[in-house]
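The values are calculated or read from the model by the stated rules, or taken from the named source; none is laboratory data. Worth saying up front: this structure is predicted, and the values here are computed from it rather than measured. Don't worry about glycine lacking a Cβ; one is built from the backbone with ideal geometry, like all the others, and counts go over all protein chains shown. Please note that ligands, DNA and RNA were not included when accessible areas were found on the heavy atoms of the full protein model with its side chains. Shrake-Rupley method; radii C 1.70, N 1.55, O 1.52, S 1.80 Å.
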Number of protein chains: 2
Amino acid sequence: MRKVFQAELHQIGEGLIEISDLVLEAIAKATASFAAADLPSAQEVIAADARIDFLQNDLDERAIDVLALQGPVASDLRMIVGSLRMSASLERMGDLARHIAQLTRLRFPNPVIPASLTETFAELARLDIFIAGKVTELLESRDLELVAEISAAKSQINKLHKTVFATMAAPEWQETAATTVDVTLASRYFERFGDHGVSVARKVSYLVTGEWQPEEFLAL
Amino acid sequence: MRKVFQAELHQIGEGLIEISDLVLEAIAKATASFAAADLPSAQEVIAADARIDFLQNDLDERAIDVLALQGPVASDLRMIVGSLRMSASLERMGDLARHIAQLTRLRFPNPVIPASLTETFAELARLDIFIAGKVTELLESRDLELVAEISAAKSQINKLHKTVFATMAAPEWQETAATTVDVTLASRYFERFGDHGVSVARKVSYLVTGEWQPEEFLAL
């Protein structure tokens, strides 16, 4: 019985890694299609999101079955409840990658972002991809040094997100209102993606250490 | 033992209603302060959000304790897991009310929204407050007719959200980029708030009927 239970816990962990891997693929492809105004890639991201949603539902069902059949306690219980939370964050990250792809599709063949912000968004994309990659690695290794790297990347995102808003508020900004709307939404999608990555990292950290340290993260 | 367990389940349900009530208060006050550029009210909403966060954490801890100590199965288990999900949505609704209040504070003493969109945002506010009220009522009564009312309100929000974007894309729109950014963010906050309300409603519906009907909701 114990052995079956451990196998089931292991499977849940593997399921999270699988979803996280797809999220990494989604954000990499979404941001590349966004940068290059590449419609076929954007369509692929939009279509692939259903798979992430399916896997999340499936994982949640399995987690609830384990709760029902095994009645886990203590750290095992927290691990399963934590998995439900992490799968929700990962699913949301998939949605945000899809939103980025949908903006790309909406403005195709034009790019969503004006030339003046291309580099800022390239950097935001790099940071989101970095976070998604580190989250996957963290789920695999539970190496908490990665949590600090994820948080550091998120603070860089926050700075860039503010830069985007400052750029749009400056008198030199002469873009159309439609572009301003798109840039606002895009910047928020990139920022939210990183934020959900931090949520997953905090959850892993909590599961490993048993300590919840929101202040530390808020300070970053 | 069974009696204690039922009392604990009841308490979790009461906890959700309490949070939902605070969310209703938050969105009512946030949208009023937003409409009137009322800084003291906005500050109150921002300060009060910590209470929602605290209650969510507290509820989640109690739910996990019940899982650990009682090992519930079947519908009781789903109810508890569902509560964890609903509390997360309600907490997020509180955050969004806070974001609306923060926009109010940021632009004070000016209003966030130009006069041309005042009525649209008043209607969005009315719909968000309606949804928050109906969610509280639904958590209390489990009357599934409320679910349809919530979904109908959300489709009205979606239409208004699109109207806001169409207004900004029209040639008559002569507002500054800063205003365009604010309106974009505000409209999204109002829309997300309603969306999380629908998530809670769907979850209640699922717990009552045992049937998950995402398509129906997506079609609305």
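Things worth noting here:
- Some residue of the range B:23-40 being away from chain A (no Cβ under 12 Å), under 21 Å from residue B:196 (Cβ atoms) and among the charged types (D, E, K, R): yes
- Of everything in the range B:99-132 that is away from chain A (no Cβ under 14 Å) and charged (D, E, K, R), the residue that is nearest to residue B:23 (Cα to Cα) is B:128.
- With respect to the conditions (1) assigned to a loop (DSSP other than H, G, I, E, B); (2) crowded, with 16+ Cβ neighbours inside 10 Å; (3) not basic (Lys, Arg), residue A:99 lacks only one, and its number is (1).
- Among (1) open to solvent by less than 40 Å² (accessible area, probe 1.4 Å); (2) over 21 Å from residue A:127 (Cβ atoms) - the single one residue A:23 does not satisfy: (2)
- The residue that is modelled with the lowest pLDDT, counting only those in the range B:141-168 that are surrounded by 14 or more Cβ atoms within 10 Å (Cβ to Cβ) and of a type in the set (Lys, Arg), is B:142.
- Every residue from the range B:109-120 that is more than 15 Å from residue B:163 (Cβ to Cβ) and assigned to a loop (DSSP other than H, G, I, E, B): B:109, B:110, B:111, B:112
- Tally of residues being under 10 Å from residue B:34 (Cα atoms) and within 22 Å of the chain's Cα centre (by Cα) across the range B:98-117: 8
- Any chance residue B:136 is surrounded by 16 or more Cβ atoms within 10 Å (Cβ to Cβ) and more than 14 Å from chain A (Cβ to nearest Cβ): yes
- Boolean, residue B:74 is among the small types (Gly, Ala, Ser) and modelled with pLDDT of 95 or more: no
- Of all residues in the range A:39-52 being open to solvent by less than 50 Å² (accessible area, probe 1.4 Å) and of a type outside the set (A, V, I, L, M), the one that is farthest from the chain's Cα centre (by Cα): A:41
- Out of B:46, B:27, B:12, B:19, sole residue that is modelled with pLDDT of 95 or more and farther than 30 Å from residue B:104 by Cα: B:12
- Considering the range B:169-199, and only residues there that are touching an Asp or Glu at 6+ places or on another chain (Cβ under 8 Å) and either among the small types (Gly, Ala, Ser) or facing chain A (nearest Cβ under 9 Å) (or both), the residue that is surrounded by the fewest Cβ atoms within 10 Å (Cβ to Cβ) turns out to be B:177.
- Any hit, the range B:195-206, residues being under 19 Å from residue B:34 (Cα atoms) and modelled with pLDDT of 95 or more: no
- Identity of the residue in the range A:62-88, of a type in the set (Gly, Ala, Ser) and within 9 Å of chain B (Cβ to nearest Cβ), that ends up surrounded by the fewest Cβ atoms within 10 Å (Cβ to Cβ): A:74
- Within the range A:121-153, tally of residues that are out of contact with any Ser or Thr (no Cβ under 6 Å at 6 or more places or on another chain), touching a residue at least 12 places away in the same chain (Cβ under 8 Å) and in a helix (DSSP H, G or I): 20
- Filter result for residue A:138 (within 20 Å of residue A:17 (Cα to Cα) and under 21 Å from the mean Cα position of the chain (by Cα)): yes
- The set of residues in the range B:113-133 being surrounded by 18 or more Cβ atoms within 10 Å (Cβ to Cβ), under 12 Å from residue B:27 (Cβ atoms) and out of contact with any Leu (no Cβ under 8 Å at 6 or more places or on another chain) consists of B:125, B:128, B:130, B:131.
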